[in-house]
Amino acid sequence: MTHDHDLVLRPTAAQTEAALNPPPGRTGGDLVVESLAALGATTVFGLPGQHALAVFDALRRSDLRYIGLRVENNAGFAADAYGRVTGEAAPLLLSTGPGALTSLAALQEARAASAPVLAVCSQVPTPGLGGGRHGHLHELPDQAASFRGVVKSVHTARTQSQIPSAIAEAWTSALTVPHGPVWVEIPQDVLLAETSIPVVSGGDTFPEELPPRPELTAVAADLLTRAERPVIVAGGGVVRADAAKKLRQLAERLQAPVVTTYGGKGAFPWTHPLSLQSWLEDRHTTDFLEDADVLLVVGSGLGELSSNYHTFAPRGRVIQIEADLGKLESNHPALGIHADARLALQALLETVGERTDPSAPERVRAVLDKVRDRIAAQDLTLEQDVLAAVRKALPPRAPSFWDMTILTYWAWSAFDAKAPGTMHSAQGAGGLGYAFPAALGAAAADPTHPVLAVSGDGGALYSVAELATARQYGLNVTWLIVDDGGYGILRAYMTDAFGQPTATDLPGPDFVALAESFGVPGVRTSPETLETDLAKALAAPGPSVVVLPAVLRTFAPTHTE
């Protein structure tokens, strides 16, 4: 009797010959590159550094495409976006010490947003490991310790024979739900030494699925079927699991209104009769959610932004489906179902009964009317017109990447993403400088659509160096910079809290001239011409910059009332 686990793939004659006679001149760096290629990688991001040069030399002998950015953190953001867009693990090549540490903010964002990034970093030579102070360049007492609290898992290779397995284990970890960034580090001498290990050819990995427990979905289905006022909150887990169609089927079967979180933008059709859209920072929406007798939360931890800054207090029964075990019931007691959103929604579709509720669309319209009336009373026509111009200029399937800036705060609530997985922001960790380098990563992943990046002038200054990257690789990214002369949202926060702002004004460059100095076309626009100028830039191949000088305001918060 033969069991599946007893089956062994036998090498072909050609594979045997290649294994017995590997090409000369290979190093540990080749093992890294070969391992990535064997696992299915086609594109890698990063920056060279002294301890990692063997890996970059090996790239020259490989078919992998290398996208080199100018700052490690930006390379991390590019890899993050590549992982979000493709659903594949995005390799990020880094060097020891300062280069590695510079990537931390990007890896924090990838962890918060469950983006699969596989960071491969060099280490000081093997004799310098173990915490002693040997005085090696870039030396840290324990480099991996700086990353353990940020990434999903840490993997080390201390000999060449460990490299293929360490990278395969990291790859599997990155792509096992919840996806996330992982860390592999290899000493310089191991990377530099010639190797007699055969060329890496086998790289199949099998990330484990995360199905729901059937007894829990049975209870959830019964609660939803018998509910009088069910409501669904759809988070980023729905988008990452490619479960938008299943979400719509369930909502329509239950006649349950759906609100999407900012990470879940596009998970439910914006104009659907059951769509509450994304107005989570509005008390009218919060009241509606609190009134639900059964609230189904799919792929969200109901964190700060998704709970109207923790003012949301559900009165009904909460069912939470979440792949990240740490987020399960972390904010509210619930029937917690630890599962991938797609598998859990499928299980519910197979067991839930059908409800009829002709009043549901009417109740949704009533909430949206109240939200619109509140916004209309605040004299925010400029902001709404600017956001509408961006939506009209951007093709429906084109992805967009948004930095932490006032227009983004509007977009979280008021922008129709048109399709799941097309709108991305740094709201996971909330750091500046995400939009433009992330957009470059998305353009590298899919050159068939133009990509939009949206930044304020403060966030743009984090990423200006990557105009050189955009130009070098001809990446099809249009960068909209809303220039208000400072950190606009912090200026507003400080004025509200302290009566006046401090350290928020930024005398900045002429962004159009700066773009042109990199060989990237730039145009200065106005609210009246934004739609036309942005559409023209998006339609032109290659990178471009559109600068909008404007001081925008946010709508009044409701969580402080």
The listed residue being in contact (Cβ under 8 Å) with a residue 40 or more places away in the chain, closer than 23 Å to Thr43 by Cβ and of a type outside the set (D, E, K, R), out of Ser114, Ser153, Ser173: Ser114
Listing of strands (runs of 3 or more DSSP E) fully contained in region 27-122 that carry 1 or more residues being among the β-branched types (Val, Ile, Thr): 43-46, 65-68
Any hit, region 433-451, residues being within 26 Å of Phe555 (Cβ to Cβ), in contact with a Ser or Thr (Cβ under 9 Å, 6 or more places away or on another chain) and hydroxyl-bearing (Ser, Thr, Tyr): yes
Residue list for region 273-288, restricted to those being within 25 Å of Asp222 (Cα to Cα), open to solvent by 10 Å² or more (accessible area, probe 1.4 Å) and either in contact with a strand residue (DSSP E or B) (Cβ under 6 Å, 6 or more places away or on another chain) or in a loop (DSSP other than H, G, I, E, B) (or both): Pro273
Hey, His310 surrounded by fewer than 18 Cβ atoms within 10 Å (Cβ to Cβ), modelled with pLDDT under 95, part of a loop (DSSP other than H, G, I, E, B) and not acidic (Asp, Glu) or not: yes
Any hit, region 98-118, residues being of a type outside the set (Phe, Trp, Tyr), surrounded by fewer than 18 Cβ atoms within 10 Å (Cβ to Cβ) and in contact with a His (Cβ under 8 Å, 6 or more places away or on another chain): yes
Residues located in region 263-272, provided they are within 30 Å of Arg111 (Cβ to Cβ), open to solvent by 10 Å² or more (accessible area, probe 1.4 Å) and either among the acidic types (Asp, Glu) or touching a residue at least 60 places away in the same chain (Cβ under 8 Å) (or both): Gly263, Gly266, Trp270
The lone exception for Ser146 - which of (1) without any contact (Cβ under 8 Å) to a residue 12 or more places away in the chain; (2) closer than 17 Å to Thr96 by Cβ; (3) surrounded by 13 or more Cβ atoms within 10 Å (Cβ to Cβ) it fails: (1)
Qualifying residue in region 218-234 (condition: open to solvent by less than 30 Å² (accessible area, probe 1.4 Å), in a loop (DSSP other than H, G, I, E, B) and over 20 Å from Thr351 (Cβ atoms)): no
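Have a look at Val512, Val482, Val546, Val523 and point out the one that is of a type in the set (A, V, I, L, M), in contact with a Gly (Cβ under 7 Å, 6 or more places away or on another chain) and under 24 Å from Thr381 (Cβ atoms). Please lay out each step first, then the result.
Working: Val512 fails: under 24 Å from Thr381 (Cβ atoms); Val546 fails: in contact with a Gly (Cβ under 7 Å, 6 or more places away or on another chain); Val523 fails: in contact with a Gly (Cβ under 7 Å, 6 or more places away or on another chain).
Answer to the selection: Val482.
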Test set (1) in contact with an Asp or Glu (Cβ under 8 Å, 6 or more places away or on another chain); (2) open to solvent by less than 50 Å² (accessible area, probe 1.4 Å) - Thr156 fails condition number: (2)
Qualifying positions in region 418-468 - over 23 Å from Pro269 (Cβ atoms), acidic (Asp, Glu) and open to solvent by 10 Å² or more (accessible area, probe 1.4 Å): none
Given (1) open to solvent by 40 Å² or more (accessible area, probe 1.4 Å); (2) among the hydrophobic types (A, V, I, L, M, F, W, C); (3) under 26 Å from the mean Cα position of the chain (by Cα), number of the condition Ala323 does not satisfy: (1)
Among (1) open to solvent by 20 Å² or more (accessible area, probe 1.4 Å); (2) among the hydrophobic types (A, V, I, L, M, F, W, C); (3) under 30 Å from Gly97 (Cα atoms) - the single one Leu191 does not satisfy: (1)
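Within region 289-306, count every residue that is within 16 Å of Gly237 (Cα to Cα), in contact (Cβ under 8 Å) with a residue 60 or more places away in the chain and either of a type in the set (A, V, I, L, M) or part of a loop (DSSP other than H, G, I, E, B) (or both).
Of region 289-306, the ones within 16 Å of Gly237 (Cα to Cα) are 296-303, 305-306.
When the remaining residues are screened for being in contact (Cβ under 8 Å) with a residue 60 or more places away in the chain, the result is 296-302, 305-306.
Going one step further and asking which of them are either of a type in the set (A, V, I, L, M) or part of a loop (DSSP other than H, G, I, E, B) (or both), we end up with 296-302, 305.
Matching residues across region 289-306 total 8.
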Condition broken by Ala389, with the remaining ones in (1) under 30 Å from Thr504 (Cβ atoms); (2) surrounded by fewer than 16 Cβ atoms within 10 Å (Cβ to Cβ); (3) more than 20 Å from the chain's Cα centre (by Cα) satisfied: (2)
Qualifying residue in region 506-523 (condition: within 17 Å of Thr408 (Cβ to Cβ) and not aromatic (Phe, Trp, Tyr)): no
Residue within region 528-537 that is touching a helix residue (DSSP H, G or I) at 6+ places or on another chain (Cβ under 6 Å), surrounded by fewer than 15 Cβ atoms within 10 Å (Cβ to Cβ) and either touching a residue at least 24 places away in the same chain (Cβ under 8 Å) or hydroxyl-bearing (Ser, Thr, Tyr) (or both) present: no
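Going by the conditions given, is His138 of a type outside the set (A, V, I, L, M, F, W, C), buried (at least 17 other Cβ atoms within 10 Å of the Cβ), assigned to a loop (DSSP other than H, G, I, E, B) and in contact (Cβ under 8 Å) with a residue 24 or more places away in the chain?
Details: of a type outside the set (A, V, I, L, M, F, W, C): yes; buried (at least 17 other Cβ atoms within 10 Å of the Cβ): yes; assigned to a loop (DSSP other than H, G, I, E, B): yes; in contact (Cβ under 8 Å) with a residue 24 or more places away in the chain: yes.
Criteria met by His138.
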Count of residues meeting criterion [open to solvent by 50 Å² or more (accessible area, probe 1.4 Å), of a type in the set (Asp, Glu) and not in a helix (DSSP H, G or I)] in region 347-366: 1
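With the structure loaded, tell me whether Phe56 is in contact (Cβ under 8 Å) with a residue 24 or more places away in the chain, open to solvent by less than 10 Å² (accessible area, probe 1.4 Å) and aromatic (Phe, Trp, Tyr) or whether it fails that test.
Values: in contact (Cβ under 8 Å) with a residue 24 or more places away in the chain: yes; open to solvent by less than 10 Å² (accessible area, probe 1.4 Å): no; aromatic (Phe, Trp, Tyr): yes.
For Phe56, the condition - in contact (Cβ under 8 Å) with a residue 24 or more places away in the chain, open to solvent by less than 10 Å² (accessible area, probe 1.4 Å) and aromatic (Phe, Trp, Tyr) - is not met.
The values are calculated or read from the model by the stated rules, or taken from the named source; none is laboratory data. Since the structure is predicted, the reported quantities are computational estimates derived from the model, not experimental observations. All Cβ positions, even for glycine, are placed from backbone atoms using ideal geometry, and neighbour counts span all protein chains on display. The protein model used for the area step is the full one, side chains on, heavy atoms only, and it has no ligands, DNA or RNA in it. Shrake-Rupley method; radii C 1.70, N 1.55, O 1.52, S 1.80 Å.
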